[in-house]
Amino acid sequence: MQKKLVAPSLLASDFANLQRDIEMVNQSDADWFHLDIMDGVFVPNISFGMPVVQAMAKHAQKPLDVHLMIVDPDRYIKTFAKLGVHHLTVHYEACPHLHRTLQAIKAEGMKAGVALNPHTPVSLLEDIIQDIDIVIVMSVNPGFGGQSFIENTYQKVKDLKALIERKNSCALIEIDGGVNDANAKKLVDAGADVLVAGSFVFKSDNPSQTIKKLKEKIA
């Protein structure tokens, strides 16, 4: 059985102490680093760009799971591959030629992911789910950290899991937004494989301990 993963979101880390926070994740029970790239166009916020990803890649000892909340992500696929990114996820809503985009990501040796906004139904992935390595289900509206969790997410995860099994896809289900110790187990029970936790981890008194407890909850 696929083990359940935790991916702390560095958007919630202390950028003035970024190396310290990266070392904490390296030494913790976390599985991936989750990096949100925002352009201020696709979402109403700007996060960080290539130089910061490059700095993170230099210190990170776990896979970099990059989530592009940007328009026209195709322009940057090769760049992210060169930076050492392991998984690159684009938004369904930002890709008019999604199949081509996924093939381009895989051609660069990365795992290819698709993210769905809260209003986007999982049924739209019916024809392409076999080409996807990761599906990120947004459990908040993308663009800002610290938002509260959208309850419809549980049903969406169940529907997505059913689609993956029906189509014999190997896609992992990743949940991004408002994840905490109160909903983690319920999400995994619904079919989630990877939980992204930002504020819940980095705003806690002991982030490493928080990650450990989250892993124990979903083991």
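Each value in this text was obtained by applying a stated rule to the coordinates, not by laboratory testing. Small disclaimer: the values here were computed from a predicted structure and weren't measured. Ideal geometry is used to build each Cβ from the backbone, glycine not excepted, and the neighbour counts take in all protein chains shown.
Remarks
- Hits in the stretch 6-28 (condition: acidic (D, E) and either under 20 Å from K111 (Cβ atoms) or surrounded by fewer than 15 Cβ atoms within 10 Å (Cβ to Cβ) (or both)): D14, E23
Table: residues versus (1) in contact with a Pro (Cβ under 9 Å, 6 or more places away or on another chain); (2) over 20 Å from W32 (Cβ atoms).
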residue: Q103; (1), (2): no, yes
residue: M110; (1), (2): no, no
residue: L125; (1), (2): no, yes
residue: S139; (1), (2): yes, no
residue: Q147; (1), (2): no, yes
residue: D193; (1), (2): no, no
residue: A197; (1), (2): yes, no
residue: Q209; (1), (2): no, no
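- Looking across Y154, Y92, one residue alone is touching a residue at least 24 places away in the same chain (Cβ under 8 Å), over 21 Å from I218 (Cα atoms), surrounded by fewer than 22 Cβ atoms within 10 Å (Cβ to Cβ) and of a type outside the set (A, V, I, L, M). It is Y92.
- Which listed residue, of I136, I128, I132, is farther than 23 Å from A182 by Cα and within 14 Å of the chain's Cα centre (by Cα): I132
- Positions within the stretch 36-49 being among the hydrophobic types (A, V, I, L, M, F, W, C), free of Cβ contacts under 8 Å to residues at least 40 places away in the same chain and surrounded by 15 or more Cβ atoms within 10 Å (Cβ to Cβ), in sequence order: I37, F48
- Check on V52, exposed (fewer than 14 other Cβ atoms within 10 Å of the Cβ) and of a type in the set (A, V, I, L, M, F, W, C): no
- The condition of being in a loop (DSSP other than H, G, I, E, B), exposed (fewer than 15 other Cβ atoms within 10 Å of the Cβ) and of a type outside the set (D, E) holds for only one of K62, K58, K3, that being K3.
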